[in-house]
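> Shown below is the structure under consideration.
The values are calculated or read from the model by the stated rules, or taken from the named source; none is laboratory data. Given the structure is predicted, the values throughout are model-derived calculations rather than measurements. No Cβ is skipped: glycine too gets one built from the backbone with ideal geometry, and neighbour counts run over all protein chains shown. Note: areas computed on protein heavy atoms with side chains; ligands, DNA, RNA excluded. Shrake-Rupley method; radii C 1.70, N 1.55, O 1.52, S 1.80 Å.
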Amino acid sequence: RTRGTLIALTFDDGFRDNLTVGLPALRRAGLWGTLFVATDPQEHGRRLWWDEVIGLVREVPGDGAIHRSTVEGIEHLDVDLAPLADDDGKVGRRARAEHLTEAINPRPLETRAGVLGALAQRLAPDAASPSAADLYVTWSEMDEMAERGLAIGAHTIRHPCLPSESPDVLWEEIAGCREMIERRLG
């Protein structure tokens with residue numbers, strides 16, 4: 001430790017490994033931290049948007065490769081998978097997920113929802129939408145984490161790209177998240 005040096009340890013989004021890996025590691029090291037949680041998974045059981053993309057990509061049959069033309073023409077999805085394609089025009093699972101999330105990230109929530117719906121229809125039309133239960137900590141687990149010394153902070157409800165949103169959505173996402181955490185955890 002250097003005198004006068006301050007380090008902040010934070011965990012974002014509220015993934016389950018914050019409880020199973022992060023908190024035990026902090027405790028072993030005698031350190032404290034803050035979990036900044038996006039509350040939509042806990043409050044409504046929905047996965048965060050990029051986990052929806054990853055889930056859709058996983059549902060593609062076989063080896064998960066798709067022809068790049070499958071995602072071309074989806075409104076508001078400006079992604080060029082051509083450089084990632086093999087000689088047959090197919091793009092592998094990991095490259096596709098990474099590039100799709102990069103292309104969707106800057107979109108407003110409403111636009112993201114439309115893009116995700118179109119992706120679902122093209123990539124995995126028969127797939128059921130999995131819940132968030134296994135990916136994220138629950139309210140009771142967050143309460144347990146707080147009792148064990150981890151601070152819980154607000155990180156928005158649905159994890160939007162804040163510069164892309166209207167002032168009303170910003171207020172709902174930021175203040176709404178904080179109010180939800182205060183109501184649920186005190």
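> Considering only the range 119-142, state which residues are in contact with a strand residue (DSSP E or B) (Cβ under 9 Å, 6 or more places away or on another chain) and open to solvent by 60 Å² or more (accessible area, probe 1.4 Å).
122, 135
> Residues that are among the small types (Gly, Ala, Ser) and surrounded by 12 or more Cβ atoms within 10 Å (Cβ to Cβ), at least 3 per element: which helices (runs of 4 or more DSSP H) completely within the range 1-118 meet that?
93-104
> List pairs: first in the range 135-161 and at pLDDT 95 or above, second among the acidic types (Asp, Glu) and open to solvent by 50 Å² or more (accessible area, probe 1.4 Å), Cβ under 7 Å, 6+ apart or cross-chain?
Sorted first by the residue in the range 135-161, then by its partner, the pairs are 155/12.
> For the range 132-148, check the following and say yes or no: at least one residue is farther than 24 Å from residue 55 by Cβ, assigned to a strand (DSSP E or B) and not hydrophobic (A, V, I, L, M, F, W, C).
no
> Can you go through 26, 19, 116, 109 and tell me which one is in contact with a Phe, Trp or Tyr (Cβ under 7 Å, 6 or more places away or on another chain), among the aliphatic types (A, V, I, L, M) and closer than 23 Å to residue 180 by Cβ?
116
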